[in-house]
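The next block holds one structure in the form of C-alpha cells; read it before the comments.
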Amino acid sequence: MPPRRSAAQRPTVVLLVRHGRTPTTGAVLPGRAAGLHLSDEGRAQAESVAGRIAESASGRGRSVAAVYASPLERTVETARPIARALGLAVRRHRGLLECDFGEWTGRPLRELVRERSWQTVQYAPASFRFPGGESFTELSARMAGTLEGLAATHPGETVVAVSHADPIKAAVAGAAGTPLDLFQRLVVSPCSVSALAIGSGGIHVLCVNSTASLAELAIS
C-alpha cells in the first residue's frame, strides 16, 4: 500500500454547489439583481445537499475547511444549511458571483430566446458579451482565478463554493479542457455538486451535477 499523502501533497478539493431553486428558476434570467430568495423547494434542496456533503466528509475522515458563497441571497441561503451542518460560517466571495447579464438582467427567458443573439449564447458563447455586462470569456477567467485563489488559501483541504449555473459550467469546462463554445452542453442542476481537485499535478474533474450520494467521491 502506498504511503498516505500529507496535507501539503494532497490536492485541494472544491465542491461547487449550485444554489437551490427560486420562484423564477427556468423562467427569468435574474443575474445579479438583489432580492431573489430560495423557494420552499429550494430550501429543502439546500438542506438535502448539506446532509450529503456532511455525510461524505465524515465518512471519509476529511473535514471541510470552509464554506464560500456568492454574495447574492439565493446562494447565501443555500450555503447556510451546509455551513451549519459542518459547524462553519459562510464566507461571501465575489469571485463566485453570477455572470453579469447587463441589460438582459431580469428578462423572461421566453423573450430572450427570440433575440437573434440567443443562438450565439447557446452555440458560440466564447464570442458573446452580454449588452452592458460580462463576456463568457471573462466569466471563465474569473472562475479560474477564483479556483486558484481557493486552492492557494486551502492547500490540501476541502472547501465548498456555492455559486450559479453558468459560473460552475465555465469552471468545469475549463478544468476538463472543454472549449468554451461547448460549455452549454453541461448540465448543472439546482443544489447539484460538481467537484474539482486542484493540485501540483493540475486540475481534475471528480464529478459533475451530482444530486445523489457523494459516498463514492474520490477525495482522499
Self-check item: Which numbered condition GLY87 misses (of (1) out of contact with any helix residue (DSSP H, G or I) (no Cβ under 9 Å at 6 or more places or on another chain); (2) within 25 Å of ALA152 (Cα to Cα); (3) in contact (Cβ under 8 Å) with a residue 24 or more places away in the chain; (4) surrounded by fewer than 17 Cβ atoms within 10 Å (Cβ to Cβ))
Solution: (3)
Quiz item: What number goes with the only condition from (1) without any contact (Cβ under 8 Å) to a residue 40 or more places away in the chain; (2) surrounded by 21 or more Cβ atoms within 10 Å (Cβ to Cβ); (3) within 20 Å of GLN45 (Cα to Cα) that GLU73 does not pass?
Solution: (2)
Quiz item: Of the residues that make up segment 116-126, is at least one outside any helix (DSSP H, G or I) and modelled with pLDDT of 95 or more?
Solution: yes
Quiz prompt | Residue within segment 176-186 that is of a type in the set (Phe, Trp, Tyr), surrounded by fewer than 14 Cβ atoms within 10 Å (Cβ to Cβ) and modelled with pLDDT of 95 or more present | solution = no
Self-check item: Counted residues, segment 60-111 - those being within 20 Å of GLN184 (Cα to Cα), of a type in the set (Lys, Arg) and in a helix (DSSP H, G or I)
Solution: 1
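A quick yes/no check of all residues on (1) modelled with pLDDT under 95; (2) assigned to a loop (DSSP other than H, G, I, E, B); (3) touching a Leu at 6+ places or on another chain (Cβ under 7 Å):
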site	(1), (2), (3)
SER6	yes, yes, no
ARG10	yes, yes, no
VAL17	no, no, no
GLY20	no, yes, yes
PRO23	no, yes, no
GLY31	no, yes, no
HIS37	no, yes, no
GLY42	no, no, no
GLN45	no, no, no
Quiz item: Scanning segment 103-119 for residues that are out of contact with any strand residue (DSSP E or B) (no Cβ under 8 Å at 6 or more places or on another chain) and surrounded by 14 or more Cβ atoms within 10 Å (Cβ to Cβ), which turns out farthest from SER192 (Cα to Cα)?
Solution: SER117
Exercise. Please work out which residue is nearest to SER56 (Cα to Cα), limiting yourself to segment 187-196 and to residues that are in contact (Cβ under 8 Å) with a residue 60 or more places away in the chain and surrounded by fewer than 21 Cβ atoms within 10 Å (Cβ to Cβ).
Key: SER192
Practice problem: Answer yes if at least one residue in segment 184-192 is closer than 17 Å to THR12 by Cβ and among the hydrophobic types (A, V, I, L, M, F, W, C), and no otherwise. | Solution: no
Quiz prompt | Count of segment 9-52 residues which are crowded, with 17+ Cβ neighbours inside 10 Å and touching a residue at least 60 places away in the same chain (Cβ under 8 Å) | solution = 23
Exercise. Consider ARG129 carefully, then state whether it is farther than 28 Å from LEU38 by Cβ and either of a type outside the set (A, V, I, L, M, F, W, C) or touching a Cys at 6+ places or on another chain (Cβ under 8 Å) (or both).
Key: yes
Quiz item: Name the pairs: first residue in segment 129-152 and touching a residue at least 12 places away in the same chain (Cβ under 8 Å) and part of a helix (DSSP H, G or I), second residue among the polar types (S, T, N, Q) and buried (at least 21 other Cβ atoms within 10 Å of the Cβ), Cβ to Cβ under 7 Å, at least 6 apart or on different chains?
Solution: LEU150/THR12; ALA151/THR12
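The values are calculated or read from the model by the stated rules, or taken from the named source; none is laboratory data. Not measured: the values here are computed from a predicted model. With ideal geometry, Cβ positions are generated from the backbone for all residues, glycine too; neighbour counts draw on all protein chains shown.
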